[in-house]
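The values are calculated or read from the model by the stated rules, or taken from the named source; none is laboratory data. All values reported here derive from a predicted model rather than from experimental measurement. Ideal geometry is used to build each Cβ from the backbone, glycine not excepted, and the neighbour counts take in all protein chains shown.
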Amino acid sequence: MKRFTSKVLTVMLFSTSLIGCAQNNETGSTPEHKTNTEPKTITVYRYGVNLTDEEFQKFFVEPVKKKYPHITLQMIVQDKGKNPEDLLAAGTFPDIIFTSNNTFQAFKDLKVVQSLDEMIKKDSTELKKVQPVIMDSFREYGDRGELVALPFSINVAALLYNKDLFNKFGVEYPKDLMTWDETIALARKLMRNEGGVQYAGFDSTGASLIATQLSLPFVDPKTNKSMIDSPEWIKVYKLINEFYRMQGFNDLKQIGREAFITDQTIAMLPLWADNFTGRFETEYKKGTLTLNWDMVALPNFPEALGTGREANVHAMMLSSLSNNKDDALKVMTYMLSDEVQTAIAKSGRFSTLEGTEFEKVFGAELESLKGKHIEAFFKAKPRKIHTPTKYDQTIVRGLTDAAAEELRKTNKDINTLVREYKEKADKAIAEAIEKSK
């Protein structure tokens, strides 16, 4: 009798278990999957952007190890023998590519980029927090609008100025969001030659960066013809020629960043933040920073005031060749956490997330930014990028700046100049297309 009762109970319990499973399936619930905590080494390939070993430890290794103890991160730095083609040939292509959106196309051409839409839900918390202009810009690189990367930090530019030169010549300091006409008028007041030293009011640093403040395309993606002869591009060349033709500009010993920081012969210079914040902090700590400087928001054309340059983002791409895609994606998405984004903001990198809380703590760890007009960084908002092509960075962008340099040296007729450089660009593009067949 006991044996019979035991069998009946066993059958009843088994049946109840089956019913419970069926009910769970009917309600759509799914059994929980255990997280795979098998030790993994995820490789991160730094290509064409700045990321020091200290930053890699602080922003990647330490927070990831705390969040995912089973993941170990290793950085591979682009160098001789470690170019993308070298890593492909050796079968050691990394899991994550840390680069800027300017080089996305190069990795797409190598066919090593994993589309992320298949792996990340579009309504995921991580993506909802990212500034829309960044996500919209990233999708421009997808052949069908797919997401090809996640952002880490965004680069922002400001107009730096030498306070000592303004004080020396009795000229009022620049203001946030000036028009280019206002900037030209201010620069003219600072064109001086005193004590045998030539000073200039402003250096545009070329044509291509000014063009990004209007999101001007380099190449027509439908025809593969350069667009540097458009009315908008001609407007850019006319603008920079206003500065080039100021009396004494071409008597400067040098132009650009070193003329502003070291020679201190240029009064105003637009610069990406990552081109000066790290250097200024290092020199400040050493006591060798002699430049008395501050900054204002970038000037622009009247129709574009309040916007800066196109989004320039340090980003993470997932390799389609990775054997650790799930864990690599965990690392990438964790870089968008409030914890990591707050840390990078305090260190002087710009968060890619929406929210003034990241602006408020920006540069908190940098002594060289104390007392500076940090708000200037956030008044000229990043612009969505133009529709990119594979020939923008490899061919046309360099030619637009070469044209600007020729204009500076020769004062050639601008219409003639852009026609000649368009012909050079179109010829180079046609040759590249033919070579790829």
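Among the residues of the range 372-390, some residue qualifies, meaning at least one is farther than 20 Å from residue 210 by Cα, in a loop (DSSP other than H, G, I, E, B), outside the structural domain of residue 226 (by TED's automatic domain parsing) and more than 18 Å from the chain's Cα centre (by Cα). Looking across the range 394-416 at every residue that is assigned to a helix (DSSP H, G or I) and among the charged types (D, E, K, R), the one that is nearest to residue 207 (Cα to Cα) is identified as 401.
Answer with yes or no whether residue 363 is surrounded by 18 or more Cβ atoms within 10 Å (Cβ to Cβ) and either in contact with a helix residue (DSSP H, G or I) (Cβ under 6 Å, 6 or more places away or on another chain) or not assigned by TED's automatic domain parsing to the domain that holds residue 177 (or both).
Criteria met by residue 363.
One line per residue, one yes/no per condition, for (1) free of Cβ contacts under 8 Å to residues at least 40 places away in the same chain; (2) under 26 Å from residue 164 (Cα atoms); (3) surrounded by fewer than 21 Cβ atoms within 10 Å (Cβ to Cβ):
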residue: 203; (1), (2), (3): no, yes, no
residue: 219; (1), (2), (3): no, no, no
residue: 223; (1), (2), (3): yes, no, yes
residue: 248; (1), (2), (3): no, yes, yes
residue: 256; (1), (2), (3): no, yes, yes
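Set side by side, the residues 298, 318 differ, and just one is under 18 Å from the mean Cα position of the chain (by Cα), part of a loop (DSSP other than H, G, I, E, B) and buried (at least 20 other Cβ atoms within 10 Å of the Cβ), which is 298.
Can you list the helices (runs of 4 or more DSSP H) lying wholly within the range 158-272 that have 2 or more residues being within 22 Å of residue 376 (Cα to Cα) and over 23 Å from the mean Cα position of the chain (by Cα)?
Result: 163-168, 180-188.
Look at (1) surrounded by fewer than 22 Cβ atoms within 10 Å (Cβ to Cβ); (2) under 30 Å from residue 184 (Cα atoms) and you find that residue 400 fails only one, number (1). Cβ-Cβ distances below 8 Å connect the following pairs, each with a first residue in the range 398-427 that is closer than 22 Å to residue 249 by Cα and free of Cβ contacts under 8 Å to residues at least 24 places away in the same chain, a second residue that is aromatic (Phe, Trp, Tyr) and part of a helix (DSSP H, G or I), and a separation of six or more residues or different chains: 402/421.
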